[in-house]
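A short write-up of the structure that comes next.
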Amino acid sequence: MIHSVIQKSQLEGADRLDAEYFQPEYLDLMQEINRVDHQSLKALGCKVVSGPFGSSLKSEAYLDKGVPFLRINDLKDFFIDKDNLIYISEEDNNRLKQSQLLPYDLVLSKVGNTIGIVSVIPEDFNVSNISENNIGIKFDKSVTSQHKLYILTFLNSELGLQQVLRSISGNAQPKLNVHDVERIIFPVPSRSVLDSNFILINNARQYIAQAQAYYGQAEELLLGELGLKDFHFEDDLSFVVNFSDVQNADRIDAEYFQPKYQKLISKIKDQNAKVLSDLVSIKKGFEPGSEAYQEEGKLFIRVSSLSKFGIDSSDQKYLSDDLFNQLRVDYQPQIGEVLLTKDATPGIAYVLKESIGGVISGGILRMKTKNGIEPEYLALCINSIVGKWQAERDAGGSVIAHWKPDRIRNILIPVLPREKQDEIAELVRKSHEARKKSKELLEEAKSKVEEMIEKEGN
């Protein structure tokens, strides 16, 4: 049985009596940081704020432009993901003044299974705001950019993350409180550590910018070739559909028959379109049930772990070696296969770049290309408006989105000449390579912060 003995003095100021808070690994962590010169976020002059309570801002207030309003899904390790941002008006932002953030402030996820993701507000956001599921860390004007990025790195490191996880309260819905974050302590860095970290983070940020630029070029080239570059259609309020179309589709909801979808299909058909089943072989994943999940073992790749840029390392689940060995023949993805989500957030496609010791969940499909289609080109097609709208059309009408495999097999994919596919795919590969370099630099930054504590503590 794991146990720890603590002094009464260690209880003072903790506001906690539960055994989980005083687990030996947490006590060892705090002892390690306490051995060096350190201070708390509050002592640094940080103001920690929570996002506005949900009822104060309804989804109807979300806009296509305005002040960025950051939700949990927008947070990634170190940097904000700008792909699916929503915005609020200046009026709403001014009303929610308490949770406004400026460039180089930090935002931290505070609820659910994604607690502890920390991102920095980018320089091109003059001002931004945060949802109720996030916590903002505002810095005093006296704190330098170097120091802010050091705090960002520390909170993303194991030493910072473990303090965050230790502070989680609640069982049904785990959460963080503002005062928990204020009390997080960190080693006081030397000038050399600040400068070194600043260079690494900025270089990583430049690689991310390169990655976004390459991916944008690839998508622009694809849409240009398909005549979809400026393709924008609003939903029609009314339209007429033939009864035979309803019978063929086996759907009666109006959303499925929005004219914009047919206009897209007409564009695709002009470009040597093929149904997906002609271009790939498809295998479905497996769902062992949550009771099979473990904290370590072989990776179990779920829908929430997959993005068009790779497999997310946060909130991973694992399976036992024995179960993995039973499943690996049918459910372990191979390099070069396209992984495609069909549930929850259907239509996310990613080409596996590296061998992975794990299996895919039932919400993901494995697709092996055939008949000369380039995998990266295919994935980009699916991630673009070409696949996104077909997924939106087919999976709509349910509380939880579900894209049926028979619908997926029949989506239309435009097949451009192979040399054009290769040109597009090369830009996508450059994008992924730049992201990989960024990740390597961020890992180096975290390691250096942790090494600093080891050196100063000896």
Give the lysines whose C-alpha is closer than 25 Å to that of Lys448, dropping any in the same chain fewer than 8 places away, or say none.
Lys42, Lys76, Lys138, Lys148, Lys436, Lys437, Lys439
Which of the peptides 373-382, 209-218 is most tightly packed, and how do the rest follow, going by the mean number of other Cβ atoms within 10 Å of each residue?
373-382, 209-218
Do the sum for the chain: with -39,500 (n - 2.57) for every DSSP H run of n ≥ 4, divided by all residues, what is the mean residue ellipticity at 222 nm, to the nearest 500 deg cm²/dmol?
-12500 deg cm²/dmol
Highest first, please rank the peptides 344-356, 103-115, 151-163 by the mean number of other Cβ atoms sitting within 10 Å of their residues.
151-163, 103-115, 344-356
If packing is taken as the average number of other Cβ atoms within 10 Å across a peptide's residues, how do 178-187, 330-339 rank, most packed first?
178-187, 330-339
What FRET efficiency comes out for the pair Glu454/Ala61, r = Cβ-Cβ distance, R0 = 56 Å, nearest 0.05?
0.70
Those lysines that a straight Cα-Cα span of less than 27 Å connects to Lys269, excepting residues fewer than 8 apart in one chain:
Lys229, Lys260, Lys283, Lys308, Lys342, Lys368, Lys370, Lys388, Lys404, Lys420
The correct pair for region 331-456, radius of gyration to one decimal and Dmax as a whole number, both in Å and from Cα atoms, is 18.1, 61
Mind jotting down the three principal axis lengths of the chain based on Cα atoms? Whole angstrom, largest first.
76, 57, 41
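FYI, it's all coordinate maths here, none of it is from the lab. This structure is a prediction, so every number in the text was calculated from the model and none was measured. Heads up, the Cβs are rebuilt from the backbone with ideal geometry, glycines too, and the neighbour counts pull from every protein chain shown.
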